[in-house]
């Protein structure tokens, strides 16, 4: 039982990272990014290529995060900016495009990805530590840097931000970049567990959406808690009740969100 | 050189022009008051100057043409705008709100801390609430914060939309005294849109009235 909980926390860390990405885009640009999982998938391929070229995992990971930051910012500048009124539809278009592009470049063949963490219950500390590190880094950037201040100003009141001379478009690109960086972590962490292939993030995205919903799509801590909760619940339900039940867990959590969230938010606001 | 020059300004929402041909010149260290009843188009006039509504004509800030630029670019060229609703960032602290105002200035942004100190000389109450979320301030304090934030951008021209709204007559009189001090010391131009003629007229160098889409001297 304890072993299953640890295993669930490992999966939950992956959900948490992607949920964090969804929260960043929603909070700073007001849209749910359905392409977030696909950007993470491409990041996993980038990491795989770097490791394949002979780099150590711990060099490839930060490099991948940096590449993902640039790609996310670029996606906002090149694609999202073109149709801000139809942003949600644009993210679905981006999903389809990125998915097809990845299949074109890397084919749909299943590939294995090296796992740098030891097996067993304690191996879970690795993914959890990486996600905790990303969360801490995001906290520092958002709360204690000038760029973070512009992000929070735009989230609070875009028009007032504009009238303070903030270039809102660039700030949106920054938000997308940070989100893609957090999402890259989820892609790289899940790749050794599932096989590397263009459809690898489909299930993760559903769980991450539910996890983000726990934080009301605006609360990073709530999204991380939601991710860990869903990871554990999926594992326990799949092991002790019925293997196919795993799939239903995110949907059940989404239905329960109003009950969980209201309490969580009032505590945050106080 | 003149702070603000407006020539033949037309502005409106969509197809309908709210006014047709407004001319206005305001020099440095001047306070110009635009009076008019509700619905006369005062707010639209200020929005036109900062690029928030469709506009035709000519607008120069410190001699630089700004018409047609995006609002954030106009702000960066020296036009501060405190809107009717103040638009303070509620979840951000008072200090963070003020620091955001400095983003209107070009790189490198030196002397931000000196500017903060200067803003506190005009509005000491802000210093007392430095670490408090701006959303917890009273309406009058939020108005002061919005003006302070605009000053952090070191504007050549500062637009104020009904700064007296929600203030008692006593506070209104004090606010206009402060505005007079700001215009004198900062050397910029202040354009105030007001319904409250009496308070504004005491410190104004010139008063215009906006009536039926025309500016009357």
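The values are calculated or read from the model by the stated rules, or taken from the named source; none is laboratory data. Since the structure is predicted, the reported quantities are computational estimates derived from the model, not experimental observations. Because the Cβ atoms are built from the backbone with ideal geometry, glycine has one as well, and the counts that use them run over all protein chains shown.
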Practice task
Kindly check whether there is at least one residue in region B:104-117 that is part of a helix (DSSP H, G or I), within 9 Å of another protein chain (Cβ to nearest Cβ) and touching a strand residue (DSSP E or B) at 6+ places or on another chain (Cβ under 8 Å).
Solution key: yes
Exercise for the section: Please go through region B:55-69 and pick out each residue that is farther than 20 Å from residue B:29 by Cα and either in contact with a strand residue (DSSP E or B) (Cβ under 6 Å, 6 or more places away or on another chain) or within 8 Å of another protein chain (Cβ to nearest Cβ) (or both). Expected result: B:55, B:56, B:57, B:58, B:66, B:67
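Among residues belonging to region A:154-170 that are surrounded by fewer than 23 Cβ atoms within 10 Å (Cβ to Cβ) and in a helix (DSSP H, G or I), point out the one that is nearest to the other protein chains (Cβ to nearest Cβ). Talk me through it step by step, then tell me what you get.
Initially, region A:154-170 is screened for residues surrounded by fewer than 23 Cβ atoms within 10 Å (Cβ to Cβ), giving A:155-159, A:167-170.
Then drop every residue that is not in a helix (DSSP H, G or I), which leaves A:155-156, A:158-159, A:168-170.
On the way: A:155: 8, A:156: 4, A:158: 10, A:159: 7, A:168: 7, A:169: 9, A:170: 10 Å.
Taking the candidates together, the pick is A:156.
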Exercise for the section: Return the only residue of A:63, A:20, A:39 being more than 13 Å from residue A:205 (Cα to Cα), modelled with pLDDT of 95 or more and in a helix (DSSP H, G or I). Expected result: A:63
Completion exercise
By residue number, the members of region B:141-199 that are in contact (Cβ under 8 Å) with a residue 60 or more places away in the chain, more than 20 Å from residue B:121 (Cβ to Cβ) and over 11 Å from the mean Cα position of the chain (by Cα) are B:165, B:194, B:195, B:197
Practice task
Take the residues in region B:72-95 that are surrounded by fewer than 19 Cβ atoms within 10 Å (Cβ to Cβ) and not in a loop (DSSP other than H, G, I, E, B), then tell me which one is nearest to the other protein chains (Cβ to nearest Cβ).
Solution key: B:73
Exercise for the section: Mind listing whichever residues of region A:44-70 are more than 20 Å from the chain's Cα centre (by Cα) and surrounded by fewer than 18 Cβ atoms within 10 Å (Cβ to Cβ)? Expected result: A:49, A:52, A:53, A:54, A:55, A:56, A:59
Problem - strands (runs of 3 or more DSSP E) lying entirely in region B:134-217 (those with 1 or more residues that are within 26 Å of residue B:99 (Cβ to Cβ)) - result: B:157-161, B:189-194
